[in-house]
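Written out below as C-alpha cells is the structure these notes cover.
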Amino acid sequence: MIRVRLHGRGGHGVKTAGRIVGSAAFHAGFHGQDAPVYGAERRGAAVASYAWIDRGPIRERGVIARPDLIVIADETLLADPASGVLAGAETATALFVNTDRVEALALPDSLRSRVIAADLTSRTLAALGRAAALSASLGAAAVRLLGAVPLDALLQAIRDELTAIGVAPTELGKNEQLARDVFALLQPLAFADTGKSLSLAAQSAPAASERTGGSMAQVGYEGVMRGTPSILSGGNSAARHTGAWRVQRPVIDPALCSRCGLCFVQCPDGVVSLDAEGYPVIDYDHCKGCLLCQRVCPVGAIHEERETRAW
Ligand code: SF4
Ligand code: SF4
C-alpha cells in the first residue's frame, strides 16, 4: 500500500487535495481512501489529510504515522514542531515541498536527498489568481509523484472533487490546466505494482501500520496530548505566534482610514489596537490573516498582500 500524508494550513485546500489523490486512484482502477484531520479548524492553522492507495481493499484507518510520501503545502510548517510535518519522515520515500527556496529550508541533512521542491504557489496564483487555492496543484503533485496514476484519472478526479465543493464550471478548466502543468513539471517516483499490491520503491522499513493478515489491520495511534486540546502551561498564548498562520496580510492605508474603529472591534483575535490618534495598528505577530477586518472596513482602507514569509 502507498500512504500519502499532505500538510498545509486551513484555506490551502489540503483536504480537497487528499480527496483528489484518493479519487484519482479510484479512477485509475486502484482502491483509494482519504481522510482529513483539522486540528485547530481555523484558517491558517496547521491541517493534514491522508490518502491510501492499493490494489486490494484498504482496511487501514486513522493517522498515517509512517507515510511513503509527504506533501507540504507551506514551507513555514517545517519550523513549527507542533504541526508534526516530519513525523515518520525517516522512512518516507520522498518529501514534496511547495517552495521556491529549497536550499533555505529548515530540514535535517538526512532528509535533504529525498526532498522534491517546486513553486506551486506562483503557478497557482498565475493560473487562478489566488495563491492559496492549492488543491488542484497539490493533488496533481502528489498524483504525479505516485507514478501509478495517469493524467486522465487525475483530471477526472479534479473535475469531480472541485465540482463537489462548488467550484464554478468556468474555474474547472483553469484548475485542470494547472494540474496538467504540474503533472508535466514533476518526474514520477519509482513504484512497484504486483497486481495485488502497490508500493513506492526504496522504502527503508515497513510501515508501522502494515496489514497483519488477510482481514485484520493495525490502526495507528496518536497519544491523547496530540488528539485533544491540551494546556501544558498557563499564560503563554502571546508566545504562540499565530501570525505564522497567515496566507494573506491585511495592510491598512492611513490616508483612506476614517478611524471608525470597526476593524478594532471586529477582529476576532483582538490583535488590532488604536494608536494615540485613533488609527488602527495590527499586531502582525498574532494576526492570523482571516481578513475579516478588510471585509468590515466601510471605506476600503485595508487591502491584502501576499504573505512573503509564509510563501
Ligand atoms: S481581523 Fe484582520 S487583524 Fe484581525 S486577525 Fe483577521 S486579518 Fe488579522
Ligand atoms: S475599519 Fe477601515 S476605516 Fe475603520 S478604522 Fe479600520 S481601517 Fe480605518
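The values are calculated or read from the model by the stated rules, or taken from the named source; none is laboratory data. Note that the structure is predicted; figures quoted are calculated from it, not measured. Please note: Cβ atoms are built from the backbone with ideal geometry, for glycine as well, and neighbour counts cover all protein chains shown. Side chains are part of the model used for accessible areas, which takes the heavy atoms of the whole protein and leaves out ligands, DNA and RNA. Shrake-Rupley method; radii C 1.70, N 1.55, O 1.52, S 1.80 Å.
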Problem - Residues of region 1-34 satisfying the condition of being among the aliphatic types (A, V, I, L, M) and surrounded by 24 or more Cβ atoms within 10 Å (Cβ to Cβ) - result: Ile2, Val4, Leu6, Val14, Ala17, Ile20, Val21, Ala24, Ala25
Fill in the blank from the handout: Being modelled with pLDDT of 95 or more, in contact with a Gly (Cβ under 8 Å, 6 or more places away or on another chain) and not assigned by TED's automatic domain parsing to the domain that holds Trp245 narrows Gly22, Gly11 down to just Gly22
Exercise for the section: Mind telling me which of the residues Leu262, Leu256 ends up being open to solvent by 70 Å² or more (accessible area, probe 1.4 Å), at pLDDT 95 or above, more than 30 Å from Gly56 (Cβ to Cβ) and within 16 Å of ligand 2 (Cβ to nearest atom)? Expected result: Leu256
Exercise for the section: From the list Leu125, Leu134, pick out the single residue that is touching a helix residue (DSSP H, G or I) at 6+ places or on another chain (Cβ under 8 Å), in contact (Cβ under 8 Å) with a residue 12 or more places away in the chain and either of a type outside the set (Ser, Thr, Tyr) or in the same structural domain as Arg306 (by TED's automatic domain parsing) (or both). Expected result: Leu134
Exercise for the section: Scan region 296-311 for residues that are within 11 Å of ligand 2 (Cβ to nearest atom), part of a loop (DSSP other than H, G, I, E, B) and not hydrophobic (A, V, I, L, M, F, W, C) and report the count. Expected result: 2
Practice task
Give Leu292, Leu274 a once-over and let me know the one that is within 10 Å of ligand 2 (Cβ to nearest atom) and touching a helix residue (DSSP H, G or I) at 6+ places or on another chain (Cβ under 9 Å).
Solution key: Leu274
Exercise for the section: Please indicate, with yes or no, whether at least one residue in region 44-57 is in a strand (DSSP E or B), modelled with pLDDT of 90 or more and of a type in the set (Val, Ile, Thr). Expected result: yes
Exercise for the section: For residues that are of a type in the set (D, E, K, R) and open to solvent by 70 Å² or more (accessible area, probe 1.4 Å), scanning just region 296-311, find the one that is nearest to ligand 1 (Cβ to nearest atom). Expected result: Glu304
Handout entry: Subset of region 46-82 [touching a Gly at 6+ places or on another chain (Cβ under 8 Å), of a type outside the set (Gly, Ala, Ser) and surrounded by fewer than 18 Cβ atoms within 10 Å (Cβ to Cβ)]
Key = Arg55
Exercise for the section: Among the residues of region 27-45, count how many are in contact with a Gly (Cβ under 8 Å, 6 or more places away or on another chain) and in contact (Cβ under 8 Å) with a residue 60 or more places away in the chain. Expected result: 4
Exercise for the section: Could you grab me the full set of residues in region 142-177 that are of a type in the set (Val, Ile, Thr) and open to solvent by less than 50 Å² (accessible area, probe 1.4 Å)? Expected result: Val143, Val149, Ile158, Val167
Handout entry: Cross-chain or 6+ apart pairs with Cβ under 8 Å, region 90-104 first and modelled with pLDDT of 85 or more, then in a helix (DSSP H, G or I) and open to solvent by 20 Å² or more (accessible area, probe 1.4 Å)
Key = Glu90/Ser110; Val97/Leu78; Asp100/Ser122
Completion exercise
Filtering region 268-295 down to residues that are of a type in the set (A, V, I, L, M, F, W, C), more than 8 Å from ligand 1 (Cβ to nearest atom) and outside any loop (DSSP other than H, G, I, E, B) yields Leu274, Val281
